Amino acid sequence: SGILATSFIILIILSFSFWFLIRTILRQKTLEEMKSDFTNNITHELKTPIAVAYAANDALLNFNLAEDKKQRDKYLNICQEQLQRLSGLVEQILSMSMERRKTFRLHPETFNLCDLFPALIEQHKLKAGKPVKIRLDIKPEDLAITADRTHFSNILSNLIDNAIKYSPEEADVVVHCRKTETGQIEISVSDHGTGIPADKQLLIFDKFYRVPTGNIHNTKGYGLGLFYVKTMIEKHNGTVTVKSEPGKGSTFTIRF
Ligand code: ADP
């Protein structure tokens, strides 16, 4: 019976390993498929803003300046919007390749969050594409931090972008920032938007994951923003967490 028990245990171990292998292969496949979808989609999406900006610029080149200032501003605005769209897409591509680079390094510098936030919020109001209310709740204490300024701004940008994207027009978005009793910096971005079901709240930080809404045209995105946020805040030895209730809203908090 000793031999039988041993064979049984070996069989269990083998089955488990086999199951694990199959699962890993399948996961790898879907990730590979998602990567290729991403490359196809994003290459396609890069073409549109370039074509539109070309057309607007062409119109400007053939434009008689004395003619109509309003019309000229319209074309200039189109160029501006398309350039913004392009830079957003390029950022997504970079964030994808960044985590694969072995040579990736942060470039820390010391700066004050009180200097960073107002400009960041202003930028988001401008590029939101819909009326938004963003409120900053920050104590005028010393909030100097040492971090990679570019990546840190990108982390916050992604959270504010999402808060706007997944909220109705004119809904409040609040950015809180404080230093905790233990000296940690805590920043949270709250919205009153769609919210995220409890069983999806861990998945949203995965590469390419988007909560299925049934309507793929609802919002644009690749499911990379929060993956970037998590990867980057962890590189800063920090954490990101989410509290959310469907239909009520979400709060994303980073601590570091
Ligand atoms: P993207 O917004 O490009 O899809 P993200 O990685 O930024 O990618 O977010 C992943 C998913 O998490 C989103 O597709 C959305 O379903 C959900 N999500 C993120 N932020 C919010 C938010 N503030 N409110 C509701 N859902 C959100």
> Number of Lys-Lys pairs in the stretch 145-256 under 23 Å by Cα, sequence gap 8 or more or different chains?
Replying inline: 22
>> Using a 1.4 Å probe on the protein heavy atoms, what percent of the accessible area of the chain belongs to carbon and sulfur?
In response: 58 percent
> Could you list, bin by bin from short to long, the percent of Cα-Cα pairs of the chain in 5 Å steps?
Replying inline: 1, 5, 10, 13, 15, 14, 12, 9, 7, 5, 3, 2, 1, 1, 1, 0, 0, 0, 0, 0
> Which longest uninterrupted range of the chain lacks any trypsin sites (Lys or Arg not before Pro) assigned by DSSP to a loop state (not H, G, I, E or B) and surrounded by at most 16 other Cβ atoms within 10 Å?
Replying inline: 106-219
> Which value does Rg/Rh take for the stretch 127-256 over its C-alpha atoms, Rh per Kirkwood?
Replying inline: 0.95
> If Ser1, Ser7 are ordered by their accessible area, calculated over protein heavy atoms with a 1.4 Å probe, which sequence runs from highest to lowest?
Replying inline: Ser1, Ser7
> Efficiency by 1/(1 + (r/R0)^6): what FRET value for Ala51 and Glu122, r their Cβ-Cβ distance, R0 = 30 Å, to the nearest 0.05?
Replying inline: 0.50
> How many angstrom lie between the C-alpha centres of the stretch 225-256 and the stretch 149-196?
Replying inline: 9 Å
> Straight-line reach from Lys125: which aspartates and glutamates have a Cα under 15 Å away, not including same-chain ones fewer than 8 places off?
Replying inline: Glu81, Asp161, Glu169, Glu170, Asp172, Asp191
>> Report the per residue volume, in Å³, of the convex hull enclosing the C-alpha atoms of the stretch 206-256.
In response: 78 Å³
>> Only bridges whose two residues both fall in the chain count here: according to DSSP, what percent of them are antiparallel, nearest 5?
In response: 80 percent
> Using a Förster distance of 41 Å, how high is the FRET efficiency between Glu169 and Arg23, based on the Cβ-Cβ distance and rounded to 0.05?
Replying inline: 0.40
> Given H placed on each backbone N at 1.01 Å, which residues far from Lys133 in sequence or on other chains put an amide H within less than 5 Å of it?
Replying inline: Glu170, Ala171, Val173
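The values are calculated or read from the model by the stated rules, or taken from the named source; none is laboratory data. Bear in mind that the values here come from a model prediction, so they are computed numbers and not experimental data. Here the Cβ is made from the backbone with ideal geometry for all residues, glycine too, and neighbour counts use every protein chain on show. Ligands, DNA and RNA are excluded from the accessible area calculation, which covers all protein heavy atoms including side chains. Shrake-Rupley method; radii C 1.70, N 1.55, O 1.52, S 1.80 Å.
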